[in-house]
Amino acid sequence: MDTVEAVRSHPLYQKHLARLAELERDRAFCRHGIDHLLDTARIAWIFNLEYNLGFRKEVVYASALMHDIGKDEQCERGIPHEEASARIAREILDDMGAAFDEAERDAIVTAIHEHRRLPEGASLLGTMLYDADKASRTCFACSMREDCSWSSEKMNLSVRV
């Protein structure tokens, strides 16, 4: 998956991922590093296969790898991370040329924007990313669950994949 590796190794991606790791270094739970991003990608890919959704693997992985990439801007400047992540993803995707066609770039950016709070009529890719993001969290086994700001409805309290 050379295309996905191009996303992961993109200088802008690496800059934001490194800054976020620094900001979350002392965070006790729910970090947003590469482990979470890859878990989300793998679960989204499983959903894609199980439900015959037909997305290219590169589209699924690129969406998941970039869905939280703007979290550092939320921490530092109060910009909602879904907005920052969508903006950063657009810049990375546009910089990659023909790796993704225009429709795929638009779908990825839309899904990233939708992943935090699904709007009515959300895209299929956005819904899949939302579900994979939540399923990637092991709230049921987290020692910090009582201190978490997520509602019990949003928490993943059982194995879902």
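In the set (1) in contact with a helix residue (DSSP H, G or I) (Cβ under 9 Å, 6 or more places away or on another chain); (2) surrounded by fewer than 17 Cβ atoms within 10 Å (Cβ to Cβ); (3) charged (D, E, K, R); (4) in a helix (DSSP H, G or I), ASP72 fails one condition alone, (2). In segment 13-31, the residues that are within 17 Å of ALA86 (Cβ to Cβ) reach residues that are at pLDDT 85 or above and exposed (fewer than 15 other Cβ atoms within 10 Å of the Cβ) with C-beta atoms within less than 9 angstrom, at least six apart or across chains, in these pairs: LEU17/ILE34.
When you go through VAL60, VAL4 one by one, which is the residue that is part of a helix (DSSP H, G or I) and crowded, with 20+ Cβ neighbours inside 10 Å? Break it down stepwise before answering.
Working: VAL4 fails: crowded, with 20+ Cβ neighbours inside 10 Å.
After ruling out the rest, the residue left standing is VAL60.
Residues in segment 99-122 that are within 16 Å of GLU83 (Cβ to Cβ), outside any helix (DSSP H, G or I) and in contact with a helix residue (DSSP H, G or I) (Cβ under 7 Å, 6 or more places away or on another chain): HIS115, ARG116, LEU118, ALA122.
Taking (1) more than 10 Å from the chain's Cα centre (by Cα); (2) surrounded by fewer than 19 Cβ atoms within 10 Å (Cβ to Cβ); (3) at pLDDT 95 or above; (4) of a type in the set (A, V, I, L, M, F, W, C) in turn, VAL109 satisfies each apart from (2).
Quick check: is even one residue across segment 22-31 in contact with a Cys (Cβ under 7 Å, 6 or more places away or on another chain) and either surrounded by fewer than 17 Cβ atoms within 10 Å (Cβ to Cβ) or under 21 Å from ARG116 (Cβ atoms) (or both)?
First, pick out the residues of segment 22-31 that are in contact with a Cys (Cβ under 7 Å, 6 or more places away or on another chain): 23, 29.
Within this subset, residues satisfying the condition of being either surrounded by fewer than 17 Cβ atoms within 10 Å (Cβ to Cβ) or under 21 Å from ARG116 (Cβ atoms) (or both) are 23, 29.
Yes - at least one qualifying residue is present in segment 22-31.
The values are calculated or read from the model by the stated rules, or taken from the named source; none is laboratory data. Model, not experiment: these values are computed from the prediction. Every residue, glycine among them, receives a Cβ derived from its backbone with ideal geometry; neighbour counts consider all protein chains shown.
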